[in-house]
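*Asks:* Below is a structure I'd like to ask you about.
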Amino acid sequence: MRHHLYNPDFQFVREPEEFNKYTDKCVLQYCLGATMYMPGTKDFTDAILNKKYPGLTSMVMCFEDACRIEDVPQAEQNSIHLLDVLSDKLEKGEITYADIPLLIFRVRNLEQFRHFSSMLKPKHIKVLTGINFPKFNAENGEGYFAHLKELNERFGEIIYGMPIIEDKSVAHKETRMAELIGIKQILDRYKDLVLNVRVGATDFSSCFGARRDVDYTIYDIMPVRDILTDILNVFTRDGDYTVSGPVWEYFRINKALKFGTLPKVDLQQSLLRRIPLVNAEVDGLMRELILDKANGFVGKTIIHPSHINYVNGMLAVTREEYEDALQILDTSGGVIKSASANKMNEIGPHHLWAEKVVLRATAYGVIENESRYLELFNPDL
């Protein structure tokens, strides 16, 4: 897989690199990007083989919220069929890892995880990247990861775990920090198996009877903003884990989600000042992506393929960011004027930021400047 294949002719300053489930975890955790969720009952085999969505690099087959309990057996069989087809074609050389998105399965609970994993064959693990653990908390988390570790040992392969933090004990202020610390203690024990931490902002919003409108970002919903702040504080300090941004719920079906002409605007300033660019749904997504990135989220859960270009595109690094990062990493200490001569680069405090920028550049590439984001989103410009 490689990001931005929906726009193969785009000229990067540095090309994004290819990746697959065996890529080093320190890079792979930055590669999830736009992770598309769909019901486990949906047969997505032909869509993958025919490259229906050329920008799709990460996808989740869901046995939980997107699947009725009575449909779980069908969803499991459908998922095994997908794994059968892809692993067989990989063994025969009919496809390569460049053709296979990172495949993740969102189990319903620990019991269903055990049942589904009992259906897995050694060949399946070659194309299975990880498991999402919903409603992950300090009480059920150990069971999830203990079983995941058993699977890794049984198959002699790597299957990653991705907890989804969305529990009421995190939403409620009086129990939040103790719960988050408890979760982190579990993750620290299984750190080599943790690829990413995901957050369920829709579940958090439901605790307060709130839902963000298309004109607002999740950061405008104050109770949820506070929860996300604490999650980032606990899990991203010292670069311990990557945390992906919450789903954006809005899209337009059968509408062109692209710019008619290339607007001569400063993308970030236009969005934050709420100057219309595409439509309310896309502008809202891009506005939230800017704030996701500023706050330290990497990637985003998506529910519609029209979001892929924007999520992955916004994660590309500008030349100025990249040059600053390299300068910081190549300097032993002190303070130095940036290559663009417009800011101070303080080597110690900016070191972790620089490491993250270089990893993001590896996954999503480097573009000339902010104005090129619009061309990256839309290959027809």
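The values are calculated or read from the model by the stated rules, or taken from the named source; none is laboratory data. This structure is a prediction, so every number in the text was calculated from the model and none was measured. Cβ coordinates were reconstructed from backbone atoms using ideal geometry, including for glycine residues, and neighbour counts include every protein chain displayed.
*Asks:* Of all residues in the range 59-98, which are surrounded by fewer than 15 Cβ atoms within 10 Å (Cβ to Cβ), assigned to a helix (DSSP H, G or I) and not polar (S, T, N, Q)?
*Replies:* Within the range 59-98, I69, E70, P73, H81, D88, E91, K92, A98 qualify.
*Asks:* Here's something else I'd like to know. Look through Y37, Y6 and report the one residue that is assigned to a strand (DSSP E or B), on the phi < 0 side of the Ramachandran plot and aromatic (F, W, Y).
*Replies:* Y37
*Asks:* If you don't mind, another one. Answer yes if at least one residue in the range 15-25 is in a helix (DSSP H, G or I) and modelled with pLDDT of 95 or more, and no otherwise.
*Replies:* yes
*Asks:* Answer yes if at least one residue in the range 326-336 is assigned by TED's automatic domain parsing to the domain that holds V197, more than 22 Å from E17 (Cβ to Cβ) and in contact with a helix residue (DSSP H, G or I) (Cβ under 8 Å, 6 or more places away or on another chain), and no otherwise.
*Replies:* no
*Asks:* Determine, yes or no, whether P163 is in contact with a Pro (Cβ under 9 Å, 6 or more places away or on another chain), in contact (Cβ under 8 Å) with a residue 60 or more places away in the chain, under 28 Å from P246 (Cα atoms) and assigned by TED's automatic domain parsing to the domain that holds F204.
*Replies:* Here the answer is no, as P163 does not meet what is asked.
*Asks:* Same structure again: Could we say that E174 is touching a Ser or Thr at 6+ places or on another chain (Cβ under 6 Å), over 17 Å from Y37 (Cβ atoms) and assigned by TED's automatic domain parsing to the domain that holds G239 here?
*Replies:* When the stated conditions are applied, E174 does not pass them.
*Asks:* Also: Restricting to the range 344-357, give me the number of residues that are touching a strand residue (DSSP E or B) at 6+ places or on another chain (Cβ under 8 Å) and free of Cβ contacts under 8 Å to residues at least 40 places away in the same chain.
*Replies:* Total satisfying the criteria: 4.
*Asks:* Would you check if D99 is of a type in the set (D, E, K, R), touching a residue at least 12 places away in the same chain (Cβ under 8 Å) and more than 25 Å from F113 (Cα to Cα)?
*Replies:* yes
*Asks:* Can I ask one more? With respect to V243, determine if the residue is modelled with pLDDT of 95 or more and surrounded by 16 or more Cβ atoms within 10 Å (Cβ to Cβ).
*Replies:* yes
*Asks:* Which helices (runs of 4 or more DSSP H) sit wholly inside the range 101-197 and have at least 2 residues that are under 22 Å from the mean Cα position of the chain (by Cα) and buried (at least 16 other Cβ atoms within 10 Å of the Cβ)?
*Replies:* It comes to 141-155, 168-171, 173-189.
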